[in-house]
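K.L.:
Structure provided below as structure tokens; questions to follow.
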Amino acid sequence: MGKRKKKQMQPSEISEIAKGISMIIQIGISMMVPICLCLFLGYKLDAWLETNCFMIIFIILGCLAGIRSVYSITKSFYSKDLKKEQEKQKYFSDLYSEHEKNKSENKEDRHR
């Protein structure tokens, strides 16, 4: 039996994998930092004012800030793909409208 050769990864594939891993790490950090910072601030504010409501409010604010930062990161990461997708959709819609136009012209020619 012959030995199978391992498929060598192309530099572009490695680059895409590295981009994906860095994006996952960046998303994790972008979620954790605002939550932890707001948790700490809420805890200190509650300890200073001797209350127990600020930590909950600040955790919610931290979660919202984290979600917003993740949204902005992913939006910029996928903007190139979104542009390509929109170009493809435009091409296919133009192709479809051209097909429908030709179809209607053929029907008119048959009726003459």
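K.L.:
Which one is farthest from the chain's Cα centre (by Cα) among residues in segment 8-64 that are among the acidic types (Asp, Glu) and in a helix (DSSP H, G or I)? Give the steps one after another, and end with the answer.
P.N.:
Looking only at segment 8-64, we keep the residues that are among the acidic types (Asp, Glu), and these are 13, 16, 46, 50.
Going one step further and asking which of them are in a helix (DSSP H, G or I), we end up with 13, 16, 46.
Values: GLU13: 19, GLU16: 15, ASP46: 36 Å.
Looking at the filtered set, the residue picked out is ASP46.
K.L.:
May I ask you to list the residues in segment 56-78 that are surrounded by 10 or more Cβ atoms within 10 Å (Cβ to Cβ) and polar (S, T, N, Q)?
P.N.:
Going through segment 56-78, the residues surrounded by 10 or more Cβ atoms within 10 Å (Cβ to Cβ) turn out to be 56-75, 77-78.
Passing the criteria: SER69, SER72, THR74.
FYI, it's all coordinate maths here, none of it is from the lab. The model shown is predicted, which means the values in this text are computed figures rather than measured ones. When we count neighbours, we look across all protein chains shown, and the Cβ atoms used for this are built from the backbone with ideal geometry, even at glycine.
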